[in-house]
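Visitor: Just dropping this structure here.
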Amino acid sequence: MARILIAEDERDIRDLVAFTLRFAGHEVFAASNGEEAVELAPRVNPDLILMDVRMPRMTGYEACKILKADPDLRDIPVVFLSAKGQENEIQQGLASGAEDYLLKPFAPDQLTSRVKIILAKFGK
C-alpha cells in the first residue's frame with residue numbers, strides 16, 4: 001500500500017481519483033490546490049503525488065518546483081493530471097520535475113495501472 005497525495009481543485013475529479021486509489025488499496029491524502037499540496041507533503045510524506053496543472057493560488061508547476069527544491073521531498077515522484085495535452089505543456093511539466101503526465105479524462109483502470117508502474121519504478 002502506497003501513500004498518495006492528490007492535488008486537484010475540482011472536487012468531483014479529486015473524489016473520483018481518491019476513491020479509485022483507495023479501492024486499489026492505497027492510503028490517499030487530498031489537497032484542493034498547489035499551496036495545500038506543498039503544506040501537506042512534508043506532513044504525510046507520500047510515495048507519489050498526483051497534481052492537477054491548473055489550480056487556484058498555486059499551479060501544479062509552481063508546487064512541483066517548490067517540492068523538488070526541498071531535499072526531504074525531492075525524490076517523491078510527481079505526476080501531472082491535465083486536460084491540456086499540448087506538447088509544450090507536457091514539456092513544461094517535465095521540466096518542472098514531474099515524472100509523468102496523465103491526460104484527463106482517464107479511466108479508473110488506466111489510473112491504477114499507471115500508478116502501479118510508477119510506484120514499482122521507485123521501489124514502492
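Visitor: For the chain, what is one quarter of the convex hull surface built on the Cα atoms, given in nm²?
Guide: 6.5 nm²
Visitor: Out of D15, D100, D70, any idea which swings most in a Gaussian network model of the chain, alpha carbons joined below 10 Å?
Guide: Maximum among the listed residues: D70.
Visitor: With charges only on Cβ, +1 for K and R and -1 for D and E, what is the dipole size of the chain about its Cα centre, in debye, rounded to 20?
Guide: Details: 16 positive and 20 negative charges, 51 e Å.
Around 240 debye, computed over the chain.
Visitor: Turning to a different aspect of this structure: For region 1-74, would you read off the P(r) tail past 15 Å as a percentage of all alpha carbon pairs?
Guide: So the pairs more than 15 Å apart make up 48 percent of the total in region 1-74.
Visitor: For labels at R54 and T112 in the simple 7 Å Cα→Cβ model, what's the distance in nm?
Guide: Between R54 and T112, the label points sit 3.0 nm apart.
Where a number appears in this text, it was derived from the coordinates with a stated rule and is not lab data. Keep in mind that what you see is a predicted model, and the values were worked out from it rather than measured. Note that each Cβ is placed from the backbone with ideal geometry, even for glycine, and that neighbours are counted across all protein chains shown.
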